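Chemist: A single structure is presented below for examination.
Any read-out appearing in this document is the output of simple, stated calculations on the displayed coordinates, not a laboratory observation. Predicted model, so just to flag it, every value in this text is computed and none were measured. All Cβ positions, even for glycine, are placed from backbone atoms using ideal geometry, and neighbour counts span all protein chains on display.
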Amino acid sequence: MESATTTSTPVERRGIEAGASLPALAGTRRRSVAGVLRDYVALTKPRIIALLLVTTVATMFAADPGGPAAATVLWTMLGGYLAAGGAGAINHYVDRDRDARMARTRGRPLVAGRIEPLHGLVFGIALGALATVQLALTVNALAAVLALCGLLGYVFVYTIWLKPLTPQNIVIGGAAGAMPPLVGWAAATGGLAPEALYPFGIVFLWTPPHFWALSLLIKEDYARTGVPMLPVVKGEAATRRQIVAYTLVLAAFTLLPVATGFLGAIYAVAAAALGAGFVGLAVHLLRDPSRRAALRLYLSSLAYLALLFFVMAVDRVLGG
């Protein structure tokens, strides 16, 4: 039998000569594999997807108050993650040159060279294709088509076309981020109803103030990369005014489902309170143009959307 030294790799032999045990070296190898896996997961932008899945699942219960089958919920969540993750990975590929010039993104896997760009692109395309097939087979064709539209809209309409072209990029491109509620509605009911426009519209109107708050925090990065985000093109004061305008419209729109009778008192109280809080933070940012105020609005907007959709589902389940 050959010795451990003669059958090991050069790196392992150096480790053994230095006194490291084979189990320790194996652990190092496993950690390296785990690191690669973490980088591929990072390509999917899991923190963003978590919020998208909240809007998807909450909309499923809003569409079907009796409760969709557990298997349908789980398959929809899986397909939603794969589709959004594929879009995120392709976004990493398309934006890798811009990301390299931004302090916030220069450590991303493709920029740092931990994953080959082509591998990241293939990974994203594979996830998108898998999501489309999986949703079509386990949920329904409409949910699959809507998820694919969200992916294509995010990649081609927002990332490739609008992002480098206009400061209204996030307004128009926000439609792609608003697709998950439609996927959830289609998954729960097999179709779409006019009421599906309520959760879609909420996410659509929420997107600009959410991302403009972030853009205030990293304005210099966007200016350095030539991305015409609103603070770069119109200035910070104009951006803060637009944030207030959109939060006012959003707060009013969230009450529309109550006026039409789709949602009831539980949602009405929560939407009014959450909307007042969101508008209050936007007005505070208008008066206090500090990074702390922008960060507070940005982080609060995440909680706002999650809570609003949660209450929407609760209202429909209890009232339905």
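Chemist: Looking only at helices (runs of 4 or more DSSP H) that lie completely in the stretch 149-257, which have at least 3 residues being among the aliphatic types (A, V, I, L, M)?
Modeler: The helices (runs of 4 or more DSSP H) meeting that bar are 169-177, 179-189, 197-217, 230-233, 236-253.
Chemist: Please work out which residue is surrounded by the fewest Cβ atoms within 10 Å (Cβ to Cβ), limiting yourself to the stretch 87-123 and to residues that are of a type in the set (A, V, I, L, M) and touching a residue at least 60 places away in the same chain (Cβ under 8 Å).
Modeler: That would be Ala103.
Chemist: Tell me the residue from Ala187, Ala147 that is over 18 Å from the mean Cα position of the chain (by Cα), small (Gly, Ala, Ser) and under 29 Å from Ala71 (Cα atoms), please.
Modeler: Step by step, each of Ala187, Ala147 is checked, and only Ala187 is over 18 Å from the mean Cα position of the chain (by Cα), small (Gly, Ala, Ser) and under 29 Å from Ala71 (Cα atoms).
Chemist: Select from the stretch 222-256 the residues that are of a type in the set (S, T, N, Q) and loosely packed, with under 15 Cβ neighbours inside 10 Å and list them in ascending order. Please lay out each step first, then the result.
Modeler: Our first condition is that a residue be of a type in the set (S, T, N, Q); within the stretch 222-256, this holds for 225, 239, 242, 247, 254.
Once the filter is applied, which keeps residues that are of a type in the set (S, T, N, Q) and loosely packed, with under 15 Cβ neighbours inside 10 Å, the stretch 222-256 yields nothing.
Chemist: Which condition from (1) of a type in the set (Val, Ile, Thr); (2) within 26 Å of Thr166 (Cα to Cα); (3) within 23 Å of the chain's Cα centre (by Cα) is the one that Thr254 breaks?
Modeler: All conditions pass for Thr254, except number (2).
Chemist: What are the residues in the stretch 122-148 that are over 22 Å from Leu110 (Cβ atoms), touching a helix residue (DSSP H, G or I) at 6+ places or on another chain (Cβ under 7 Å), assigned to a helix (DSSP H, G or I) and of a type outside the set (Gly, Ala, Ser), if any?
Modeler: Keep residues of the stretch 122-148 that are over 22 Å from Leu110 (Cβ atoms), which gives 132-148.
Now narrow it down to the ones that are touching a helix residue (DSSP H, G or I) at 6+ places or on another chain (Cβ under 7 Å): 132, 134-136, 138-140, 142-144, 146-148.
Still in the running and assigned to a helix (DSSP H, G or I): 132, 134-136, 138, 142-144, 146-148.
Correct list: Thr132, Gln134, Leu135, Thr138, Leu142, Leu146, Leu148.
Chemist: Six or more apart or on different chains, Cβ under 6 Å: which pairs go from a residue in the stretch 129-152 that's of a type outside the set (A, V, I, L, M, F, W, C) to one that's not in a helix (DSSP H, G or I)? Could you list them?
Modeler: The qualifying pairs are Asn140/Gly190.
Chemist: Can you give me the number of residues within the stretch 267-276 that are out of contact with any Ser or Thr (no Cβ under 7 Å at 6 or more places or on another chain) and buried (at least 16 other Cβ atoms within 10 Å of the Cβ)?
Modeler: 4
Chemist: What are the residue pairs meeting all of these: first residue in the stretch 38-59, first residue closer than 16 Å to Tyr93 by Cβ, second residue assigned to a helix (DSSP H, G or I) and not hydrophobic (A, V, I, L, M, F, W, C), Cβ atoms under 6 Å, and 6 or more apart or on different chains?
Modeler: Going by the 6 Å Cβ cut-off, the qualifying pairs are Asp39/Pro109; Ala42/Pro109; Leu43/His92; Leu43/Gly120; Thr44/Gly85; Thr44/Gly88; Lys45/Gly88.
Chemist: Now for a different question. I'd like the full set of residues that are crowded, with 18+ Cβ neighbours inside 10 Å, over 18 Å from the mean Cα position of the chain (by Cα) and among the hydrophobic types (A, V, I, L, M, F, W, C), limited to the stretch 61-86.
Modeler: Answer for the stretch 61-86, where residues must be crowded, with 18+ Cβ neighbours inside 10 Å, over 18 Å from the mean Cα position of the chain (by Cα) and among the hydrophobic types (A, V, I, L, M, F, W, C): Phe61, Ala62, Ala63, Val73, Trp75.
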